[in-house]
Amino acid sequence: MTTIGPTLIQLLPRLRRYAVALCRVGDVADDLVQTACERALAGAAGIRAELPLDVWMFRIVRNLWYDRLRRLRTRGEEIDITTRDDLVAVDGERDPERRLLLRRVMEAIDRLPEDQRELILLVCVEDVSYRDAAAALDLPIGTVMSRLARGRKRIADELGIESGRLL
């Protein structure tokens, strides 16, 4: 029997990035990833053979997030990502233009319908293949492709991008 531990350790940065993108709060993302890893390690014998480990883990993180949302519907406020400068991927002091563009892109992604936002995060941020994203979300590949196309078009329209150029 092979152990998934070393592969899981390599996946941690991607899992955390995905979890942060879903919930927008670093501490909550850390909890999601930790719980997902615990479940994966406890149920390693039950890994779905048809899914790559990363896809299986993204699915666990996503399901944990939705479980958490259901539990927290009656609870208090969440912290807005715009107040957390430590989560921005670029240096805002050296490159304010990129930071502004990143903020505009994140705001556009936030305004997407949930089904499009999930796919944009998996495919465009986490570089998951269409086929693996379809497996992770339990969708037909055609649905993945059409939702991605609509999501990308909506983001491009909001940012004023036409023919690959920023207007």
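Every number in this text was worked out from the coordinates using simple rules, so none of it is lab data. Since the model is a prediction, treat every value here as computed from it, not as a measurement. With ideal geometry, Cβ positions are generated from the backbone for all residues, glycine too; neighbour counts draw on all protein chains shown.
Would you kindly derive the ³J(HN,Hα) couplings of region 59-72 from the backbone phi angles with the Karplus curve 6.51 cos²θ - 1.76 cosθ + 1.60 (θ = phi - 60°), listing them in order in whole Hz, with x for Gly and Pro?
Couplings: 5, 4, 4, 4, 5, 4, 4, 5, 4, 5, 4, 4, 6, 8 Hz.
What is the order of Tyr130, Tyr66, Tyr18, fewest Cβ neighbours within 10 Å to most?
Neighbour counts put them in this order, fewest first: Tyr66, Tyr130, Tyr18.
Remind me, what semi-axes does region 93-158 give for its equivalent ellipsoid, largest first in whole Å, using sqrt of 5 times each Cα gyration tensor eigenvalue?
Numbers: eigenvalues 124, 32, 14 Å².
The equivalent ellipsoid of region 93-158 has semi-axes of 25, 13, 8 Å.
Return the FRET efficiency for the residue pair Tyr66, Leu101: r is the Cβ-Cβ distance, R0 is 35 Å, and the value is rounded to the nearest 0.05.
On the way: r = 30 Å, r/R0 = 0.85.
With a Förster radius of 35 Å, E is 0.70.
Whose amide H sits under 5 Å from the amide H of Val128, counting only residues 5 or more places off or on another chain, with H placed in the peptide plane?
Val123
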